[in-house]
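Remarks on the structure that follows.
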Protein chains: 2
Amino acid sequence: MLAEIITIGDELLIGQVVDTNSAFISKQLNKIGVSVYQITSIQDDKVHILQALGEAEQRADIIICTGGLGPTKDDITKKTIAEYFNDTLIRDSSVLKNIESIWKQHVRTELLQVNKDQALIPSKSKPLMNTLGTAPGMWLEKGEKTFISLPGVPYEMEALVCKQVIPKLKERYNCPYILHKTLIVYGLGESALAARIESWEDALPKHIKLAYLPNLGKMRLRLSTKGFDEAQLQLDVQGQIDKVIPLIKEEYAGLEDEDGSVEIVIAKHLTKRNRTLAIAESCTGGSVAERFTSNSGASTFFKGGVVTYSTQSKINVLKVSEADIASHSVVSAQVAEAMAINSKALFQSDYAVATTGNAGPTKGDSDAEVGTVYIAIATNAEVYSKEFNFGNSRLKVINKAVNKALEMLLKEIFKN
Amino acid sequence: MLAEIITIGDELLIGQVVDTNSAFISKQLNKIGVSVYQITSIQDDKVHILQALGEAEQRADIIICTGGLGPTKDDITKKTIAEYFNDTLIRDSSVLKNIESIWKQHVRTELLQVNKDQALIPSKSKPLMNTLGTAPGMWLEKGEKTFISLPGVPYEMEALVCKQVIPKLKERYNCPYILHKTLIVYGLGESALAARIESWEDALPKHIKLAYLPNLGKMRLRLSTKGFDEAQLQLDVQGQIDKVIPLIKEEYAGLEDEDGSVEIVIAKHLTKRNRTLAIAESCTGGSVAERFTSNSGASTFFKGGVVTYSTQSKINVLKVSEADIASHSVVSAQVAEAMAINSKALFQSDYAVATTGNAGPTKGDSDAEVGTVYIAIATNAEVYSKEFNFGNSRLKVINKAVNKALEMLLKEIFKN
């Protein structure tokens, strides 16, 4: 069972908006055994939309479009889909009712004709009711193939996919089970890892696919398979994981959560052990905290954090000693460790992680070379820190520092 | 001049990785007058790569591939490109030298044959030297068309695009000038905005395209044009902007920075006026701080922030009164305002913004309904707050709260 995703909107082609919709839809489709063959991003242009629909129909069973359903004149997806199906637009009374109800609840201004016209859908389509916005989703069938058109606003699209598209697809198709398991590996390059596990990789059964995903000091190793016998697939993949972990040796850092990543593994362990965390950030500027707080349940283990971006705030808020700063500079092991210890005390947590460094592009309050970062961990038993240099690209330095801070924290938590 | 981008990697099709490379490349191409016609994401599969290359060649002048250049067995882009060009791989001595030099500087383990083999490139290609990693970029010409293959690791790809691809493309092609200007509008829906500016929109000259970009309480209105007379295009677009601003009325919040967004506008104004900012976050968990600190120059105006995620930390760290919390709950105007005032004092800043709310999915330390958020602004003259309900999807609540906090801050700064 193959799907293709067509994301429509000029903003994608000029780089103004990153297409996050496709990844979300792909993940949901994968869970019900539908593989995505291709993702195509195209402009709000009739000829181009028609061409993309035609190509996708030849390759895939399920074609999902997002975007171009707004009330304004630049949005032409609906008209174009009607043309593709030799169809006309008719007013759907249930959609109109939904629009009127949303308007009543959330909007103070008058309901305009352009909004009412969002109730126009191709006569051959069934509406997918959008309770979060005025643009309805649409479901069209052509023989065994299904065409789905969804609004481009992420949270509206996400609700429609989870509540309507996925259940309907499961009903219509007999889908295989798709299984991905991802191992996290720290401190080992792609080729060094490949050398360690070469004999295992060569002996992998054909139905299990392997992928290496390197990113800023962290490697992910993904095993993927699909079929109709879920229990057997689980056994097969688990068997391979059990074989490969001893080969990776101590650089193996755990299994990635199905929908998540290393911060979710940390969150689970802290919650299970009833332990708490505080974060003190300088160069990472709130990014470490954000990685935890974007997931639900963070309040169970995350006590709080400080972003001490200025030297003065390190002294005033985190009580780092002025003498330490004067003799070692703000970018130093001493300051990182003091930030960790003092934030742990301030928030009364079991663990604290602290970052201080120079992300560039220019040197800040310290003489430290651009890219230099100290990361410290404080526990109930000890405090320690490590020095890194993450190069001279600002975002790369920040992201590598965040990944490294999470890695150090994960290793610390797994110690016990 | 048209380009197509082909991003290669199974991780994109299963939703494990969001494709941010395409947006980056598109933005850079746009700046030199190259429009991206289509972005296609495909699997690490020979037949699929060959097919995508063939289709892209028919439509575009410049074809840029990213991904699939690693040393491991799942990476087949290079072999497949050689096949597409009826070419063979040869060892490039300059690339091998670069690999050996990177290895010496950054890697402790032995240089393996698979790494040396990264110096194999199609004989018809010119290498694009990758100083940040071992996979070289490749440049191939076929008549007037150019094929470029780049590694998928974002920072390696970004450096190659900026330092090599863009200068070489400017040399090879006579490109038009592309101009985008984006207006930020707050507190007005898509259709209400369209109604206000309808007569202006209808009278827009054909060479200026208009797009509406709604996102979580914020609207962006983009004008785009291209041509060879840069000065004239600037005049044309500025003329239209001058006409439309009075029509949008007070909901107009400023022009978006060319490469950025509202936080960059705020950063510029604070820096220009020599004013500073502190941030106190509860439900937004570090995301407001992260929006500022991911841009360079943040240390000029951003003093620091606190993420007081637990009630106790609001009392201990931000000195919010226990009595206020007891009588009004942690999600209240009183607590938001106290957080703003006290963080402003703690970090000795001119402005402070504070958020407290319940992002869900379950109720936390407060009885407040899921989605309720209070945002407060403190200045040298006053403090005030507003109450919002941002619905019941966690990430939507967080992102809407971040956008709204930035909006309130922007309006406050523009007051004077």
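Annotations
- For region A:179-280, alpha-carbon Rg and Dmax in angstrom: 14.9, 48
- Loop GluC sites (Glu not before Pro), region B:360-396, which have at most 11 other Cβ atoms in a 10 Å radius of their Cβ (DSSP): B:382
- Here the protein assembly as shown carries DSSP beta bridges of which approximately 65% are antiparallel, counting only pairs with both residues inside.
- Ranked by solvent-accessible area (1.4 Å probe, protein heavy atoms only, all chains present), the residues B:414, B:24 order from largest to smallest as B:414, B:24.
- The GNM of chain B, with springs linking C-alpha atoms under 10 angstrom apart, assigns the highest mean-square fluctuation among B:45, B:75, B:202 to B:202.
- Under a model in which nothing but the beta-carbon of Lys, Arg (+1) and Asp, Glu (-1) is charged, the protein assembly as shown shows a dipole of about 520 debye around its Cα centre.
- Flagged links, alpha-carbon separation over 18 Å, of A:303/B:319; A:46/A:126; A:226/B:79; A:116/B:243; A:78/B:218: A:46/A:126; A:226/B:79; A:116/B:243; A:78/B:218
- Chain A residue with Cβ closest to the axis mapping A onto B, distance in whole Å: A:286, 2
- Accessible surface of residue B:415 - all protein chains present, 1.4 Å probe, nearest 10 Å²: 120
- A 1.4 Å probe over all protein chains sorts B:397, B:383 by accessible area into B:383, B:397, starting with the largest.
- Annotation: region B:214-258 has a Kirkwood hydrodynamic radius of 12.1 angstrom, from the mean reciprocal C-alpha pair distance.
- Shortest-first nm distances, residue B:94 label point to equivalent points in other copies (7 Å, Cα→Cβ): 6.4
- Placing a pseudo-label 7 Å from each Cα along the Cα-to-Cβ vector at residue A:85 and residue B:172 gives an inter-label distance of 4.3 nm.
- Taking 21 Å as the limit for the C-alpha separation, the pairs B:73/B:97; A:272/A:411; A:27/A:206; A:404/B:396 exceed it in the case of B:73/B:97; A:27/A:206; A:404/B:396.
- Scaled against the 2.2 N^0.38 Å expected of a compact globular protein of N residues, the Cα radius of gyration of the protein assembly as shown reads 0.94.
- Set the Cα radius of gyration of region A:316-416 against 2.2 N^0.38 Å, with N its number of residues, and you get 1.05.
- Mean projection area, nm², convex hull over Cα of chain A: 24.5
- Within the accessible area of the protein assembly as shown (1.4 Å probe), percent carbon and sulfur: 50
- Residues within the reach of a label modelled at residue B:251 (point 7 angstrom out along Cα to beta-carbon, backbone nitrogen below 20 Å), restricted to region B:366-388, are B:387-388.
- Label-to-label distance, nm, for residues given as residue B:367 and residue B:105 (7 Å Cα→Cβ offset): 6.2
- Heavy-atom accessible area ranking, 1.4 Å probe, most first, across A:222, A:172, B:59: A:172, B:59, A:222
- For chain A, a Gaussian network of Cα nodes joined below 10 Å ranks A:100, A:281, A:190 by mean-square fluctuation, and the top entry is A:100.
- To the nearest 10, the accessible area of residue A:390 is 20 Å² with a 1.4 Å probe.
- Note on residue A:91: accessible area is roughly 120 Å² with a 1.4 Å probe, heavy atoms of protein only.
- Average other protein chain Cβ within 10 Å of Cβ, residues A:391-401: 3
- When its C-alpha radius of gyration is set against 2.2 N^0.38 Å (N residues), region A:260-322 gives a value of 1.24.
The values are calculated or read from the model by the stated rules, or taken from the named source; none is laboratory data. Owing to the predicted nature of the structure, the values given are computational and were not obtained by experimental measurement. Backbone-built Cβ (ideal geometry, glycine too); neighbour counts: all protein chains shown. SASA here: full protein model, heavy atoms, side chains in, ligands and nucleic acids out. Shrake-Rupley method; radii C 1.70, N 1.55, O 1.52, S 1.80 Å.
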